[in-house]
């Protein structure tokens, strides 16, 4: 399908920070109650877009040439999946049913209490099941080292989650996985509820945060080199809320939930200092180029800038509190993503001067183009609003565009709620791509003149948008049997692949891996 209006020659740079797959339609097909495909599961890799098929308990690979195929997971169904940093591989948490009665061949014939599941972490490359890693099933998240050679599996627990248990659950461990060898993962005891992993820029070590403890692990040997207790009182609970490493990799700065204490951990010399702040931070962000950190607060109208040589703190007053920080090269963007505040600040890290931009509505998120010329944010409706044009804008979703070079801002009213937003840029032009709920069009906005968008027709209303590794985009659609479009901004083309949901129209209830499990 060739677009009637040429698209920009450009490269994709980013996606909205919020979940682009909201208000999903029911994709059941006619009399079938099950959802045939799950747009929220879409993961882009170099060889296609991987999408789960819940009805078939299967995994499909959708390609831009109009074809699709099913990945053979040896009878397992997908629980969750994620691509590695260079998108060459997809890591799939999967499971398959097992019946205790060896004579049972169908899942529906297995008595209550006798049906259970076995779990594994499968590495898929080029549509093939290449490698299986033995990782405890409750370690449901992966963090990758900067060079992608190591992954750390850890538990990201949400209250009320039903953790998969295969024998026992050790809530103090994480697994280190060498992705360059077939060696078995290395289990390391870190501390209770380890749920955050950060890496030094040189990829030499990982810092793993858990309740009341921080552990440094050498990625060459997977040995613990330093362990920091965050409290000496066993009855005191100290939960790290965020952490950053200084650019030289020497210090870890850690904030604590509900505390105004900022922990400074020396990773070279075993030493720990506590910096007293005036309130519990809402966000902590490191500005790598300027070698400084920025702290903001939900209850204080200010930002604190910490230099990393002597750890002196400079305070910058603001008009309103902010809760989110986006680092640029010489500045950071500050905004509030949880209140009715309209303010966005460009904080110059060197001069400590803050430039204020006032949006029409509160922001859900904010994107920064690679050139740092523009910032684009989705604006949500106000909780309460007045009358007239002000009330009209307050009650609608919108898009905010900030020209950071010329210090200008513009707030646009959108026809419907955005389900996906991306920024695209070339040498002399920057654009935003916006998908709106229920509308079968893609809006392309030239950020130098965003008031007159170009509308591009889609085959069906969109559900979300994602970035492909080569700079293109994929768009998922509200289509019962499956529809994914592939957008190539450089060539100005939009192609589509449909019908892959049909892989799930017929399912077999036979228990997989009977010879191995029974």
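Every number in this text was worked out from the coordinates using simple rules, so none of it is lab data. The shown structure was predicted, so the numbers you read here are calculated from the model rather than taken from an experiment. Every residue, glycine as well, gets a Cβ built from its backbone with ideal geometry; the counts of neighbours run over all protein chains shown.
Legend: calculated FRET efficiency, residue 320 to residue 126, from the Cβ-Cβ distance at R0 = 56 Å, rounded to 0.05, equals 0.65. With a cut-off of 19 Å on the backbone N, the residues of the stretch 310-331 near the modelled label site 7 Å out from residue 383 along Cα-Cβ are 320-324.
Using the number of other C-beta atoms within 10 angstrom as an exposure proxy, rank 514, 318 with the fewest first.
Working: 514 14, 318 21.
In increasing order of surrounding Cβ atoms, one gets 514, 318.
Each semi-axis of the equivalent ellipsoid for the chain is √(5λ) with λ an eigenvalue of the Cα gyration tensor; in descending order they amount to 38, 34, 20 Å. Computed over the alpha-carbon pairs of the stretch 191-324, the distance histogram in 5 Å steps reads 2, 10, 21, 23, 20, 13, 7, 3, 1, 0 percent, short to long. The slack in the chain from residue 454 to residue 312, taken as 0.36 nm per residue of separation less the alpha-carbon distance, amounts to 46.2 nm. Given R₀ = 56 Å, FRET efficiency for residue 198-residue 340 by Cβ-Cβ distance, to 0.05? With a Förster radius of 56 Å, E is 0.95. Each label was represented as a point 7 Å from its Cα along the Cα-to-Cβ direction; for residue 373 and residue 40 these points are 3.7 nm apart. Length available on full extension from residue 100 to residue 279: 0.36 nm per residue minus the Cα-Cα distance, which gives 58.9 nm.
Subtract the Cα-Cα distance of residue 272 and residue 506 from 0.36 nm times their separation in residues, and report this length gain in nm to one decimal. All intermediate terms of the calculation are to be shown ahead of the outcome.
Working: separation 234, 0.36 × 234 = 84.24 nm, distance 5.96 nm.
Result: 78.3 nm gained on full extension.
Residue order for 225, 493, fewest other beta carbons within 10 angstrom first, comes to 225, 493. Using C-alpha pairs below 8 Å separated by at least 6 residues, the relative contact order for the chain is 15 percent. Each of 507, 384, 476 was scored by other Cβ atoms within 10 Å of its Cβ. Listed from fewest to most, they are 384, 507, 476.
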